[in-house]
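Student: Once you've had a glance at the structure underneath, I'll fire off some questions.
What follows is calculated from the coordinates using simple rules that are stated; it is not laboratory data. No experiment lies behind these values; they were computed from the predicted model shown. Cβ coordinates were reconstructed from backbone atoms using ideal geometry, including for glycine residues, and neighbour counts include every protein chain displayed.
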Amino acid sequence: MLHRAGPEDIDLILPLVAAYHSHEGIASSPEARRAALAPLLKGSDFGAVWLIGTHSAPIGYIAITFGWSIEMGGQDAFVDEFFLVPASRGKGHGQAALDLVTAELKARGVRALHLEVSRDNQAGQRFYRHAGFEPREGYFLMSHTL
C-alpha cells in the first residue's frame with residue numbers, strides 16, 4: 001500500500017502534486033514541480049517521496065525532506081507535502097502511510113519529524129495530533145524565500 005517512489009514514478013506523482021498544489025492554492029508550473037521532484041526520486045540525500053496505494057493507481061503521496069537539528073540531537077525531517085485524493089480520505093490510508101514512513105525514518109535515525117498545517121485546517125490538525133504531533137508552543141514557522 002506504500003512504496004518509495006523512484007524516477008520511473010514521476011508521471012504517476014505529477015498529477016497528484018498538481019492536485020495538491022491546486023487544493024492548497026500553491027502557484028507552481030508543471031516544469032517546476034518536475035524539477036523539484038526529480039532529485040528526491042533519484043535517491044537524493046535531501047529527501048524521499050512515497051506513493052500511497054497500488055503502484056499502478058496511487059491515491060496519494062508523502063514527501064519528506066531531511067535536515068539537521070542541534071536542538072533535536074541530530075537528523076530531523078519535515079513532511080514537505082502529504083496528499084490523498086478526496087475520495088480516499090477518512091479510510092485509514094493516511095494514518096497507515098504516516099505510520100510506515102515514521103517507522104522507516106526512526107529506523108534511519110531521524111530524531112524528530114516536523115510539519116506545518118494551516119491554522120484553518122481543523123481536520124488536518126486533529127489528524128496530526130492523533131498521529132502524535134504536537135504544536136510547539138511559543139514557536140511560529142517563518143520563511144524567507146531566496
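Student: How large is the Rg to Rh ratio of region 39-111 when both quantities use alpha carbon positions and Rh follows Kirkwood?
Tutor: Numbers: Rg = 13.1 Å, Rh = 13.1 Å.
With Rg and the Kirkwood Rh in hand, the quotient comes to 1.01.
Student: Once every Cα of the chain carries one equal point scatterer and solvent is ignored, give the base-10 log of I(q)/I(0) from the Debye formula at q = 0.20 Å⁻¹, two decimals.
Tutor: -1.52
Student: Can you work out the FRET efficiency for the pair Phe66 and Ala18, with r the C-beta to C-beta distance and R0 = 22 Å, to the nearest 0.05?
Tutor: Details: r = 24 Å, r/R0 = 1.11.
About 0.35, to the nearest 0.05.
Student: Report relative contact order for the chain in percent, whole number only (criteria: Cα-Cα under 8 Å, sequence separation at least 6).
Tutor: Working: 173 pairs, mean separation 27.1, N = 146.
Here the relative contact order equals 19 percent.
Student: Mind checking which of Ala77, Ala18, Ala107 has the largest fluctuation in a GNM of the chain, springs on alpha carbons under 10 Å?
Tutor: Ala107
Student: Next question, about the same structure. Return the distance in nm (one decimal) between the two label points of a simple spin-label model at Leu141 and Lys91, each offset 7 Å from Cα along Cα→Cβ.
Tutor: Output for this residue pair reads 2.7 nm.
Student: Suppose R0 equals 22 Å. What FRET efficiency, 1/(1 + (r/R0)^6) with r the Cβ-Cβ distance, do Phe133 and Glu104 give to the nearest 0.05?
Tutor: Details: r = 17 Å, r/R0 = 0.77.
Taking R0 as 22 Å, the efficiency between Phe133 and Glu104 is 0.85.
Student: Give the Cα extents of region 84-133 along the principal axes, in whole Å, largest first.
Tutor: Principal extents (Cα only, largest first): 32, 23, 16 Å.
Student: Can you tell me the order of 48-55, 66-73 when each peptide is scored by its average per-residue count of other Cβ atoms within 10 angstrom, highest first? Don't skip to the end; give the middle numbers.
Tutor: On the way: 48-55: 19.4, 66-73: 11.5.
The densest-packed peptide leads the list: 48-55, 66-73.
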